[in-house]
Amino acid sequence: MAGGGGSGGVSPLGPAPPMWYHRDLSRAAAEELLARAGRDGSFLVRDSESVNGAYALCVLFQKHVHTYRILPDEEGFLAVQTSQGVQPKRFKTLPELVSLYLQPSQGLVTTLLFPVDREETAASDDRDYSDGEDEKPPLPPRSASTSTPPGPDTPTESTPAANGLSTISHEYLKGSYALDLEAVKQGACSLPHLNKTLVASCKRLNGEVDKVLSGLEILSKVFDQQSAFMVSKMIQQSVNQGGDQELENLVTKLAILKDLLSSIEKKALKALQDMSLSSPCSPPPLSMRHSKAIPVQAFEVKLDVYLAELTKIGKSQKYTLSVDVEGGRLVVMKKVKDSQEDWTTFTHDKIRQLIKSQRVQNKLGIVFEKEKDKSQRKDFIFASAKKREAFCQLLQLMKNKHSNQDEPDMISIFIGTWNMGSVPPPKSVASWVLCRGLGKTLDEMTVTIPHDLYVFGSQENSVCDREWVECLRAILKEQTELDYKPIAVQTLWNIKIAVLVKPEHENRISHVGMSSVKTGIANTLGNKGAVGVSFMFNGTSFGFVNCHLTSGNEKIARRNQNYLDILRLLSLGDKQLSSFDISLRFTNLFWLGDLNYRLDMDIQEILNYINRKEFDPLLKVDQLNLEREKNKVFLRFAEEEISFPPTYRYERGSRDTYVWQKQKATGMRTNVPSWCDRILWKSYPETHIVCNSYGCTDDIVTSDHSPVFATFEVGVTSQFVSKKGLPKSSEQAYIEFESIEAIVKTASRTKFFIEFYSTCLEEFKKSYENDSQSSDNVNFLRVGWSNKQLTTLKPLLSEIEYLQDQHLLLTVKSLDGYESFGECVLALKSMIGSTAQQFHTYLSHRGEETGNIRGSMRVRVPSERMGTRERLYEWISVDKDDTGGPKGKSTLVSRVGHEYVKPSVVRKQLGELGKVSEEGERCSKEETAARPKQDAADGDSSICKNSYNNPAYYILEGVPNQSAAALSPELLPSPTSANPQMAKTLSESEFSGQPPRAPSAPPPLRGQPLGLGLEACRTFPPRNPITESIAEDMPEEALWGSSSSSLSIGDSSVGEWLQRLGLERYEQGLLHNGWDDLEFLSDITEEDLEEAGVHDPAHKRILLESLRQQQQQQQK
């Protein structure tokens, strides 16, 4: 930590930190302070973000901020970094160094003239007591913890409280010490001033000991009546006594506490042994019970048909779909005349695809393989959307269970958060782990299916770690008959996180990390803060953060700062990614806990809305939602829609009454009902993640908070092993960049370079410095790199199956301080091909938006390494059936990250999406009407160029401007093109000719599974749809009768060719559109492929590249 050490034990900050020194101030915040000062020569010193123990001297001159690194040498002396060959001037302390540069002509851009002092926060702002029963913060648990001890990877904070005690001691030695000395000389036998100093120093300890004795009083009365009398007596005396006796009283209490703690366990053990002799027999241990098998589940459905078809198929449309997960079968049964039943059985390998209707939430299409190379689709209507989801989940489970793959493509994760209110849990919390209660819950048919991972976050949890983990394991054993294995437990006082995994996955977990951060009083108390756990599941990285943030309706800014501190200081994940905050270090990051954000509305109005179960007006005044809209916290995180009542503050013992008033020493305090307990997540772009449930229990009433749960379906990758070994030079894949351009929010005018990180690279790589730079606004800078400044990257493996799961992390750093000005993540999947693809996304640093970045790149994969396979989560798709008629095409849900847009992908989509309103929503009529306009815009290059001039296009304003999304590589602006007309902040920028976004617009994403319908515009950027073609609906006889009219593939080589590429699912679409011969396929275009249902850009490139290579071979 900067500010420690120094030469000969001298602090580099001098005797006391000067006011112009700002500890832990970010680069962006420093620039804002200097801009506010506004005078040339204004300066401050902050900690360096790039070098531990170093500093950054920031100086304002001609509206630009100039940064100089101050580095310590081996002897602890400080010097400003100089050009090569220039002898640096060395100083013992920062004040000495700064005093030199207060003099003119010392080599800086200007003389240091006006120090910018740090803002001292009032002491009262640090008070953050729990909303629970006690006025004082709860004590940390006394039990042993399984968390890791502080070390180099665990942030430790300084303790101003200890410094305060040092001050009391110094005051005695400087002043009162002489008075005691004089008294002793005169024959005194006591030291009254020292006694007074000791009493003041131990005042807090006295209160803590009283709390411990009060907590143990009940135990002593039950197990140790002899000491109980002394404990009660001392508690009473501590109330009545004071003054000179206070110190003596404290020593006596400590002696009683020592005796009580050393004897209570033995006496309690003896008492319980005596009780056990007379107690009835206990039930058999859980391990002796038999494992559960998933029972066969039956779903009552109706066939979805049209009036024209009723004459062909008869009146009966009722079916029963029975799913046998264990046997790997689906039985489709139809009732016919005279109560007879006609049924057909399909094994798991004969179910080709599930197609969810986007318009009708309870409608599902199933594609069956009837005979060799023949398939048919039928659409069924379920009783509810929840039943449809349960059916899909069971079929996915069946597919996974009987898959030929050794490693899973997808896992299920349970996440729970609960503020336990400092009391033990009730005997049963089954409703929590089974997701039963209010909100979006699981169907009863699937509620007992075990999840692969269980993550439990708790706050104000007074149970010791070992007992808590065993309690959780027993609950899971009772519900699932499985012995879940704890892989990590981390505790900070009463904030805990525990992760348990299915026994079969235990060996798939690696690189487990744990950390904690205190954000309580002065960031030194652990009553508020966060605990985190990270690990790899095969090839996919996961991070989980459980936090308890500052309480109080009015302390929004403090909660925001808590979040930013946790984001920066929590030490989790790959140490090589220290340049990135934890929101970018993991494929999937989940953030849960008592976030303590409240509702800004009158209490009576809140209660009226809750009684009417109208939650939307409340969610509009939810502080977390409002802060997310402003991009203050949880930048680009997702949260499932909330459909359950506020989880805080209930009357204990009931869920019928909210207790919203509480008498405190400072007066009456109001705690309005609020959604304090939340679960959010953030995932890399082009990864698969779906939230299947989000709700709270309604039968666990021991705390004033209700437990909250969520379940997720998450795609995972395996540790890839190449079947062809390491690539030869001729078979090497390459990641090549044509150009990159970034707009960064800064008043600095230094040069920049880019660092590239990825698990597919042997080590991180650096670009050369930017070769273009321009600005029209003092607060923003446009920097560019041409092809010659950018390095070509060589992945470790060259298989497309491996590369399409990889991501590339970029950080834009300055040459003057080697500090990051923004980071981002790109998915390689959409960049694979022989032609360059465009990308653009936002930059962030320390949780705040700092700019945007765009460019052109390609991932070249040799033809020998092009084979791939379908993932289990690609087996379910979404049908964009807007007209309600039978469709031959379906859109596969590609649940990509929420921060990433690739123009070449969205160009075609936006022709369908049309113009978007201020709130990012539009109806299907608007969509249809906007298409002709959009097509025209696609061809207007002037509009494209203008659209790129706005930095807000890339990071803030919801769905991107359609014309900019249509940019082709040749339209990328050169360094000499028009500079952006930048606003004071990125949020204030608007599109030319576009209405500004409404201030009260909803958060840009909700984390819903999205296709191309209405929901697609609620997330920025829109997710990449991958479209797949399926044969049209056929009459019932075509499915069940003998005279099937399916399209027959026969011995066509098209099918064999697709199978070699791992893209056989496109066969029906190509055949349906007349592409049934490889000779004809040589003339196919991208538009033809899209019409045949191939909408994934990566898949299009694979197909076209393969055809091109075949054509070249034939010509030879």
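Worth a mention:
- With respect to the stated conditions, Val336 is open to solvent by 10 Å² or more (accessible area, probe 1.4 Å), over 20 Å from Met445 (Cβ atoms) and either modelled with pLDDT of 90 or more or not hydroxyl-bearing (Ser, Thr, Tyr) (or both).
- Condition check for Gln1110: more than 21 Å from Lys372 (Cβ to Cβ), more than 42 Å from the chain's Cα centre (by Cα) and open to solvent by 50 Å² or more (accessible area, probe 1.4 Å): no
- Qualifying residue in region 244-251 (condition: more than 30 Å from Tyr177 (Cβ to Cβ), at pLDDT below 75 and in a helix (DSSP H, G or I)): no
- Residue that is most open to solvent (accessible area, probe 1.4 Å) [pool: residues in region 660-675 that are in a strand (DSSP E or B) and either in contact with a helix residue (DSSP H, G or I) (Cβ under 6 Å, 6 or more places away or on another chain) or among the polar types (S, T, N, Q) (or both)]: Gln663
- Between Val701, Val714, the distinction of being under 21 Å from the mean Cα position of the chain (by Cα) and more than 24 Å from Gly817 (Cβ to Cβ) belongs to Val714 only.
- Exactly one residue out of Leu60, Leu71 is crowded, with 19+ Cβ neighbours inside 10 Å and part of a strand (DSSP E or B): that is Leu60.
- Scanning region 621-644 for residues that are part of a loop (DSSP other than H, G, I, E, B), surrounded by 22 or more Cβ atoms within 10 Å (Cβ to Cβ) and of a type in the set (Lys, Arg) yields a single hit, Arg636.
- Of all residues in region 769-781, those that are open to solvent by 50 Å² or more (accessible area, probe 1.4 Å) have Cβ atoms under 7 Å from Cβ atoms of residues that are of a type in the set (Val, Ile, Thr), 6 or more apart or on another chain, in Gln773/Val783.
- Candidate set: region 342-392, residues that are acidic (Asp, Glu) and closer than 16 Å to Lys302 by Cβ; chosen: the one surrounded by the fewest Cβ atoms within 10 Å (Cβ to Cβ): Asp342
- Look at region 74-99: where a residue is modelled with pLDDT of 85 or more and a partner is among the polar types (S, T, N, Q), sitting 6+ places away or on another chain with Cβ atoms under 8 Å, you get Glu75/Ser7; Gly76/Ser7; Phe77/Ser7; Leu78/Thr93; Pro88/Gln81; Pro88/Thr82; Lys92/Ser7; Thr93/Ser11.
- For region 354-378, the set of residues classified as β-branched (Val, Ile, Thr) and free of Cβ contacts under 8 Å to residues at least 60 places away in the same chain consists of Ile366 only.
- Restricting attention to region 742-759, the residues that are more than 23 Å from Leu33 (Cα to Cα) and at pLDDT below 95 total 1.
- Residue in region 1042-1054 that is modelled with pLDDT of 50 or more and out of contact with any Cys (no Cβ under 7 Å at 6 or more places or on another chain) present: yes
- Residues of region 645-659 that are open to solvent by less than 70 Å² (accessible area, probe 1.4 Å), on the phi < 0 side of the Ramachandran plot and part of a loop (DSSP other than H, G, I, E, B): Pro645, Pro646, Thr647, Arg649, Ser654, Arg655, Thr657, Val659.
- Of residues in region 792-843 being of a type in the set (Asp, Glu) and open to solvent by 10 Å² or more (accessible area, probe 1.4 Å), the one modelled with the highest pLDDT: Asp805
- Residue within region 824-839 that is over 30 Å from Asp409 (Cα atoms), part of a strand (DSSP E or B) and not basic (Lys, Arg) present: no
- Search result, residues across region 501-518 that are among the hydrophobic types (A, V, I, L, M, F, W, C) and under 19 Å from the mean Cα position of the chain (by Cα): Val512, Met514, Val517
- Residues that are in a helix (DSSP H, G or I), more than 23 Å from the chain's Cα centre (by Cα), modelled with pLDDT under 75 and crowded, with 18+ Cβ neighbours inside 10 Å do not occur anywhere in region 891-899.
Residue-by-condition table, conditions (1) part of a helix (DSSP H, G or I); (2) farther than 24 Å from Lys528 by Cα; (3) not acidic (Asp, Glu):
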{"residue": "Asp379", "(1), (2), (3)": "no, yes, no"}
{"residue": "Ser412", "(1), (2), (3)": "no, yes, yes"}
{"residue": "Gly439", "(1), (2), (3)": "no, yes, yes"}
{"residue": "Leu442", "(1), (2), (3)": "no, yes, yes"}
{"residue": "Arg466", "(1), (2), (3)": "yes, no, yes"}
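- Qualifying positions in region 844-864 - open to solvent by less than 10 Å² (accessible area, probe 1.4 Å) and part of a loop (DSSP other than H, G, I, E, B): Gly847
- Region 591-620 - residue that is outside any helix (DSSP H, G or I) and open to solvent by 10 Å² or more (accessible area, probe 1.4 Å) and, of those, farthest from Gly416 (Cα to Cα): Asp602
- Positions within region 482-515 being in a loop (DSSP other than H, G, I, E, B) and surrounded by fewer than 16 Cβ atoms within 10 Å (Cβ to Cβ), in sequence order: Asp483
- Residues that are open to solvent by less than 20 Å² (accessible area, probe 1.4 Å), charged (D, E, K, R), modelled with pLDDT of 80 or more and touching a helix residue (DSSP H, G or I) at 6+ places or on another chain (Cβ under 8 Å) do not occur anywhere in region 1075-1086.
- Boolean, Phe720 is within 29 Å of the chain's Cα centre (by Cα), over 26 Å from Glu819 (Cβ atoms) and either surrounded by fewer than 23 Cβ atoms within 10 Å (Cβ to Cβ) or modelled with pLDDT of 95 or more (or both): yes
The values are calculated or read from the model by the stated rules, or taken from the named source; none is laboratory data. Just so it is clear, the model here is predicted, and its values are computed rather than measured. Note that we place each Cβ from the backbone using ideal geometry, even for glycine, and neighbour counts take in every protein chain shown. Remember, those area values only see protein heavy atoms, side chains included, never the ligands or the DNA or RNA. Shrake-Rupley method; radii C 1.70, N 1.55, O 1.52, S 1.80 Å.
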